[in-house]
Amino acid sequence: MRDAMPRLTGTPGVYLRNAWYVAGWADGLAEKPQAKVFLEEPVALFRDAAGVAHAIGGRCPHRFAPLGAGEVIDGALQCPYHGLRFGSDGRCVFNPHPGGQVPQASVRVYPLVERHALLWIWMGDPARADAATIPDFAWLADPRWEVVRGATCAEGHYELYSDNILDLSHANFVHPALVASAFTEGARKFWQDGETVHAHYAQPDDYLSVGISAILGVTGRKQAFDGHVIWHAPATLSFDFRTGEPGTPYDQLSNMPSLHAFTPETADTTHYLWATGRDFAVGDAEFSQTMRGALEYAFEHEDMPLIRDAHRLMAGQDFWELRPLVLDGDGGGIRARRQLRKMISAEMISAEQGTPA
Amino acid sequence: MRDAMPRLTGTPGVYLRNAWYVAGWADGLAEKPQAKVFLEEPVALFRDAAGVAHAIGGRCPHRFAPLGAGEVIDGALQCPYHGLRFGSDGRCVFNPHPGGQVPQASVRVYPLVERHALLWIWMGDPARADAATIPDFAWLADPRWEVVRGATCAEGHYELYSDNILDLSHANFVHPALVASAFTEGARKFWQDGETVHAHYAQPDDYLSVGISAILGVTGRKQAFDGHVIWHAPATLSFDFRTGEPGTPYDQLSNMPSLHAFTPETADTTHYLWATGRDFAVGDAEFSQTMRGALEYAFEHEDMPLIRDAHRLMAGQDFWELRPLVLDGDGGGIRARRQLRKMISAEMISAEQGTPA
Amino acid sequence: MRDAMPRLTGTPGVYLRNAWYVAGWADGLAEKPQAKVFLEEPVALFRDAAGVAHAIGGRCPHRFAPLGAGEVIDGALQCPYHGLRFGSDGRCVFNPHPGGQVPQASVRVYPLVERHALLWIWMGDPARADAATIPDFAWLADPRWEVVRGATCAEGHYELYSDNILDLSHANFVHPALVASAFTEGARKFWQDGETVHAHYAQPDDYLSVGISAILGVTGRKQAFDGHVIWHAPATLSFDFRTGEPGTPYDQLSNMPSLHAFTPETADTTHYLWATGRDFAVGDAEFSQTMRGALEYAFEHEDMPLIRDAHRLMAGQDFWELRPLVLDGDGGGIRARRQLRKMISAEMISAEQGTPA
């Protein structure tokens, strides 16, 4: 059975709206539409007759049923409750009832772009949605890369989840199989470049973690390591994990890129899409299955319980008002939080002034 | 184990009080009392020594235990916690403790009437409880009718559940086995008659739904259909489902009457009692079992998830403030909502004025 | 997997702070630290390198992870998230990250005393923590006593749980195996002695309950009974259950002492530690297992559901504002509630005045 909608309140929180959020895996949206909640807002995802993916308001204006639980008929999304149909422009296009007059009703349209195997949704002003600003995850759709991936919904504020990726030092404490000197002893650098935030980890000649060494077949052999995390507002991150024999020039290191995309469902729950690519053992399904299992375990049993509990111990209070201790390793997370706050403030000010942010 | 009491708040919502609500199936209340919550109020149901059913306040004034979880001793309801006993007049009649003085304590008495196999409870001013105003469901207790029935408690506001029955067009979208032209193409009529609201559906010569056709043994044969829903405030509905060979005069059509009674437990949960009667295959237990299974499936897997989600997507907001789109098929639901609101307002005004509403 | 932290709010309730609360069984805290919540406050319990138990603030000041979910390294508690270590004085003593400078950070220290097989925590001003005021439960650690014991966390306010032990008359209604005339017909006395509250039950010559008779091997034989409950603020109770042949002098009666310790986790949930001792059948594991099963059943299936439901029916309202009916048997509970309220008020006044209470 379809998952129940989350419980919502009439007073949603504040989010960055003029931004691309990951809405799901493109191939996860097939003939069957989806009922989702992003930023505490119900959204319906569906594909029209031509297979083009769309996102429209997910609550039927008639009796508030989740439109995404319906089905697509003649390219329009039919409400699962009384059968009104809504086109990809959000307008009601069909009324199956006697009289049959099509009501002057519509739901919101969210710009939705299918790119790099992902669906990207724009939760703000459609006029400002520029697909050129979608971060580049081309490898996700490139056959040279074998991709292991997943999706889940987890308890905890989305910023806690992006903090987690920006501070890889957590690996040494949270993930026994991923302990490596690179994260706590290697050279670390954090910086901001426009609206993106970077975390960089390097260790030219040391052992990788047990888990990664096994995957790469370099157990017991020191390697060069170069890790680069890039955060894109609000909470979509890439992580390039480059390794090679010590002394290998940077551009000859092998890369295992990954995606970590966090999209708030509510103030307390986060959609998490992840993927890791490799250019070796391509087509090796058993290898992929082992990797997927290890990654799922790390998230479900190691990261998630800790972040969920940190979220609960914050007790609904604001991160900054709790005056967190800031360590060197927070250079990424803190920059991302400040940048996001700045962008949200700018949006709020421009909304008050009635001018585009 | 007994179900836990629902979580309550100190500030209950507003309900119509001077009205008969269905409290349960009469034969569901045997020697064992019941602890229930109606309109966010704890209520204890029990039968006295003569077998007469009573409803009294369900929270012991001593230590707040659910009286309905106790047992009946000498015709009085004994608190399950420390054994105070309360009579059907709500007064404490026995104190088992040393000293043994019976405290001057009492709980509220709710008028309760056993009629038509149901228990009807009056949640308002006892002086105004007139059993003559209980809707007529005589068929429920008439041996000429074979009755399949059930009871459950479901998430969602009770008005959403009565809306559902008043707009049968939902069958064509929610219940694959019940799709019929009658609900969306047939003649429809909605009207109000005093305090009752009516929805009427007719289709003189067309196929019934696949499910109903199978039940009636008319698969592949067009039939005359006449459906009549009557809403009684606050949320008790009857539904006469009449069919016959095309051209059969109205009074010779066969009827499959049904009851749909919704009693609010809390603002978010609803007690649902339902029954469907037939005057054929009387005594056929296997037939009954199949019908019961189909009806339970339709509710649990088709209606309920949708109404629960519509309730969640309303996010605690008022129905009217959400400015719902109104379709022709809402003629019943809207009248019922307006009538109920009017009756509640009248009660509130008369309560302020200290005069009987 | 470790239990999730409870959901907390930013506005915790008011509790007695300058008091010893039971934090757990001493041997339940081994090498693995524990993440707990007492009085809506996260607390980490751990043992240092010398095996001494400590309690410190349970929320890491860095990223709010539950410190008690970490591990002890070199006698300090390491945060499970990014590896900061905190000593038993609450100060950060180690930073594993590059630079490695130890931040000027600390968490609160709670006085913790290991005594009588229990861990006792002081949630108030450490300067006022006097281990001499810990109630005497020496039998818990005395090899002459065979002790059956348990720990759980239950829904309901902690005062409802101490009320339950102070009014043993509930046994006759809640526990079919423990019905005895002593609790409702025997001589009862309640009194206060300084800050402790006493409930005393005596029945010189009557049958014990079926359950206790079986345990003591006196089925069908009348006994002398002397029961004495002592409440220590805030909610730690001892219960001496003395029996013998009728006429046996008091000091020659056999005792089965028990502990019932209730420590609030949140306003709605309570940690419950219990134990019962005996000086017969010492070493008889099967006997112990039967007793443990019976006691667990009585709590989980008889007490707990009733108290949980009474708690829910109170709907978050204040006990006194609900104007409870007071019976003779409440002489213990009411005294305890008044004494606790008085002590909490005194703390609040002295906190306002900046003077020690």
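Spread over its residues, the convex hull of the C-alpha atoms of the protein assembly as shown is 222 Å³ per residue. May I ask you to work out the translational diffusion coefficient for the stretch B:254-320 at 4 °C, viscosity 1.567 mPa s, via Stokes-Einstein with Rh from the Kirkwood sum over Cα pairs, reported in whole µm²/s? It diffuses with D of about 91 µm²/s by this estimate.
Please average, across the residues of A:2-13, the number of beta carbons from any other chain that are within 10 Å of each residue's own beta carbon, and give a whole number.
Values: counts 3, 2, 5, 8, 3, 6, 6, 3, 7, 3, 1, 0.
Shielding by partners across A:2-13 averages 4.
Here's how it looks for C:G58: its modeled amide H is under 5 Å from those of C:V43, C:A44, which are all 5 or more places away or on a different chain. The 3J(HN,Hα) values that the Karplus relation (6.51, -1.76, 1.60; θ = phi - 60°) gives for the stretch B:94-108 are, in residue order, 7, 10, x, 8, x, x, x, 4, 7, x, 6, 9, 7, 10, 5 Hz. Gly and Pro appear as x. Amide hydrogen proximity for C:Q223: with H placed 1.01 Å from N in the peptide plane, the residues at 5 or more positions away or on another chain lying under 5 Å are C:D206, C:Y207, C:L208.
Karplus-based coupling profile of the stretch B:183-200, in residue order and whole Hz: 7, 10, 10, x, 6, 10, 8, 10, 7, 10, 9, x, 9, 9, 10, 10, 10, 10, with θ = phi - 60° in 6.51 cos²θ - 1.76 cosθ + 1.60 and x standing for Gly or Pro. Dividing the mean sequence gap of close Cα pairs (under 8 Å, 6+ apart) by how many residues the stretch C:149-210 holds gives a relative contact order of 28 percent. Highest average first, the peptides C:328-335, B:245-252, B:337-344, A:278-285 ordered by how many other beta carbon atoms sit within 10 Å of their residues are C:328-335, B:337-344, A:278-285, B:245-252. Whole-Hz Karplus values for the stretch B:146-162 come out as 8, 10, 9, 8, x, 8, 8, 10, 10, 6, x, 5, 4, 5, 5, 6, 6 Hz, taken residue by residue from phi with 6.51 cos²θ - 1.76 cosθ + 1.60 and θ = phi - 60°; glycine and proline positions read x.
Between the helical axis of B:285-297 and the longest alpha-carbon principal axis of chain B there is an angle of about 80 degrees. Distance between the 7 Å Cα→Cβ label points at A:A346 and B:A202: 6.6 nm. Shielding value for C:54-62 is 3, the average number of Cβ atoms from other chains within 10 Å of each residue's Cβ.
Taking every residue in C:311-320 and counting other chain Cβ atoms within 10 Å of its Cβ, the average works out to 6. To the nearest ten degrees, helix A:331-353 and the longest principal axis of the Cα atoms of chain A are 20 degrees apart. Look at the alpha carbon pairs under 8 Å that are at least 6 residues apart: their mean separation over the length of the stretch B:19-175 gives a relative contact order of 19 percent. Under the combined filter of DSSP loop state and at most 15 neighbouring Cβ atoms within 10 Å, the stretch C:83-156 retains these trypsin sites (Lys or Arg not before Pro): C:R108, C:R144.
Hey, what angle do you get for helix A:304-314 against the long axis of chain A, alpha-carbon based, 0 to 90 degrees rounded to 10? Helix A:304-314 and the main axis of chain A meet at about 70 degrees. Only one residue of A:A346, A:G57, A:F299 has its Cα farthest out toward the positive end of the dipole of chain A, where Lys and Arg carry +1 and Asp and Glu -1 on Cβ, and that residue is A:G57. Exposure proxy for C:I349, A:I212: other Cβ atoms within 10 Å of each Cβ, ordered fewest to most, give C:I349, A:I212.
The smallest convex shape that holds all Cα atoms of chain C, its convex hull, gives 151 Å³ per residue. Think of each Lys and Arg Cβ as +1 and each Asp and Glu Cβ as -1; about the Cα centre, that makes the dipole of chain A roughly 840 debye.
Out of B:N95, C:S106, C:T248, whose Cα points farthest toward the positive end of the dipole of the protein assembly as shown (charges: +1 Lys, Arg; -1 Asp, Glu; placed on Cβ)? Value computed over the given set: C:S106.
Distance from the C-alpha centroid of the stretch C:105-173 to that of the stretch A:75-124: 60 Å, rounded to the whole angstrom. Every helix of 4 or more DSSP H residues in the protein assembly as shown counts as -39500 (n - 2.57), and over all residues that averages to -6000 deg cm²/dmol at 222 nm. Charged side chains reduced to their Cβ positions (Lys and Arg at +1, Asp and Glu at -1) give the stretch C:274-357 a dipole of some 400 debye around its Cα centre. Charging the Cβ of each Asp and Glu at -1 and of each Lys and Arg at +1, and nothing else, the dipole of the stretch C:138-344 about its Cα centre rounds to 280 debye. The mean sequence distance of close C-alpha pairs (under 8 Å, at least 6 residues apart), as a share of the length of chain C, puts its relative contact order at 17 percent.
Since every read-out is calculated from the coordinates, none of them should be taken as a lab result. What you are looking at is a predicted structure, and each value in this text was computed from that prediction instead of being measured. Positions of Cβ are backbone-derived with ideal geometry, glycine not excepted, and every protein chain shown enters the neighbour counts.
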